[in-house]
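For reference, the structure discussed in these notes is given below.
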Amino acid sequence: MPTTRYTHRLLILLMLLAISTAVFLFWQSRGSWDLILPFRGQKIIALLLTGSAIAVATIVFQTLTTNRILTPSIMGLDALYLLLQIVAVAVLGGSGYAQLDARWQFLIDVVLMMGVAGLLFGVLMRYFNRELYRLLLIGVIFGVLCRSLTSFVSRVLSPEDYAVFQGAAFAQFNRIDSTLLGVAAICMIICLAIIWHNRHVLDIIALGRNPAIGLGINHKRVMTGLMMTVAALVAISTALVGPVLFFGLLVSALTYRLFPVPYHRILLPAAALLAGLVLVAGQLIFERLLGFAATLSVAVELLGGVVFIILLLKAKRL
C-alpha cells in the first residue's frame, strides 16, 4: 500500500528528528545540567513549534490557492512587521526600542498583523466572493506599500538606530524570548489543531472550488476560516522569531518531493517533521560545529530562494 510506504517515511523522519534533538540537548554539555537542559530544551521547543507553524501554514496556503509557488508571505504580514519595527525604532530610538517590554511588543505585532489579515479575508472576501487571487493581489500591493514606507523611514534613521532595526529585520532562531514561548505555544497548538481537524476538508478543497461545493463543502466559510488560521500562524511565528520568506517554500518543496500524495493526513505531519529536522539539525551545525560563524536564517533563506527559482523554471517549462 502506498500510504504504508509513506507512513514508514514519516517514522524515519521522526527517528531522525529524535536523534537530532538528543544530540542538540546532550552534545558538548559542560556545566550544570540544571542550567543546560532548560536552556536547550526551551530552544528546541521554540524551533519545533516555529518550524511546524511556518511549514503547515505554507502547505495549507498552497492548497487553498492551488498554487505550490505561493507562500503566506504574499499577504504582506512580514512587510507590516518590518514597518512596525522601524517605526518603533524611529519613535523611541535604538536604546528605547531595546528596552521595550517584549510581551507588549509581541502582543501589538500579533494584533496588528491579525487585524490586517481579518480585513483581507474577513471583510474584503465578502466583496470578492470568487476572486481569491484579487485578494492576494491586494495583499501584494499592501506589502509593497509597507516596504516602501519602511525604506522611507530608514532614510531618516541614524546609523546606530538603523543597526538596531537590522537586528530585528532578520529571523533569530537562536534568540527566541523564553517569556513569550508559553503564550505563543498555546496559540500555535490551537491553530495547528484546527488545521488537523480540517485535514480531510483540505483534501476536498484541493480538488477545486466547484468539485468541493458539489461534495457539500461550504467553500466560502471554510476558505475564510482556514485563511485566518494560516494568517494567525504566520503572525505569531513572525512576531516570535522575525520575518522568514522562503523557509516555508523550502520545506513544502521537500515535502511534495518525498511525499507525492494528495492526503493532508500525511502532508501536514511530514511538513512539520521536515521543518523541525531542518531547524534543529541546522542550528546544531551552525551553533556547535561552526561556532556561530554564520546564521541559520541566512542559509535557510538562501536555499529557499534557490528552490523558488527552480520551481519557477519548472513551471515555465510546463
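Could you run through the range 38-78 and say how many residues are of a type in the set (G, A, S) and closer than 17 Å to T255 by Cα? Adding up the residues that qualify gives 5. Selection of first residues in the range 248-261 that are over 20 Å from V234 (Cβ atoms) and of second residues that are outside any loop (DSSP other than H, G, I, E, B) and of a type in the set (V, I, T), restricted to Cβ pairs under 7 Å at least 6 apart or on distinct chains, gives the following pairs, ordered by first then second residue: F259/I266. Can you tell me which of L240, L313, L254, L207 is assigned to a helix (DSSP H, G or I) and modelled with pLDDT of 80 or more? Just a single option satisfies the conditions, and that option is L254. Among the residues of the range 89-117, those identified as within 22 Å of A232 (Cα to Cα) and crowded, with 16+ Cβ neighbours inside 10 Å are Q105, F106, D109, V110, L112, M113, M114, V116, A117.
Of all residues in the range 134-157, those satisfying the criterion of being over 20 Å from A117 (Cβ atoms) and in a helix (DSSP H, G or I) are S148, S151, F152, V153, S154.
Within the range 65-76, the residues that satisfy the criterion of being open to solvent by less than 20 Å² (accessible area, probe 1.4 Å) and either part of a helix (DSSP H, G or I) or aromatic (F, W, Y) (or both) are T65, P72, M75.
Condition check ((1) part of a helix (DSSP H, G or I); (2) at pLDDT below 80; (3) open to solvent by 20 Å² or more (accessible area, probe 1.4 Å)) across all residues:
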residue	(1), (2), (3)
L16	yes, no, yes
T21	yes, no, yes
D34	yes, yes, yes
Q42	yes, no, yes
A46	yes, no, no
V56	yes, no, no
T63	yes, no, no
L82	yes, no, yes
Q85	yes, no, no
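Filter the range 23-32 for residues that are part of a helix (DSSP H, G or I) and open to solvent by 50 Å² or more (accessible area, probe 1.4 Å); which is modelled with the highest pLDDT? The residue in question is V23. Are any of the residues in the range 301-318 open to solvent by 10 Å² or more (accessible area, probe 1.4 Å), farther than 22 Å from L49 by Cα and of a type in the set (F, W, Y)? Yes; the residues of the range 301-318 include at least one that is open to solvent by 10 Å² or more (accessible area, probe 1.4 Å), farther than 22 Å from L49 by Cα and of a type in the set (F, W, Y).
Taken together, the residues in the range 1-14 that are without any contact (Cβ under 8 Å) to a residue 24 or more places away in the chain and part of a helix (DSSP H, G or I) amount to 5.
When we screen F61, F26 for residues that are aromatic (F, W, Y) and farther than 23 Å from G282 by Cα, the only hit is F61.
The values are calculated or read from the model by the stated rules, or taken from the named source; none is laboratory data. All figures in this text were calculated on a predicted structure; none of them were measured in a lab. In this analysis, Cβ positions are derived from the backbone assuming ideal geometry, glycine residues included, and neighbour counts consider all displayed protein chains. For the accessible areas, the whole protein counts, side chains as well, though only heavy atoms, and no ligand, DNA or RNA atoms are used. Shrake-Rupley method; radii C 1.70, N 1.55, O 1.52, S 1.80 Å.
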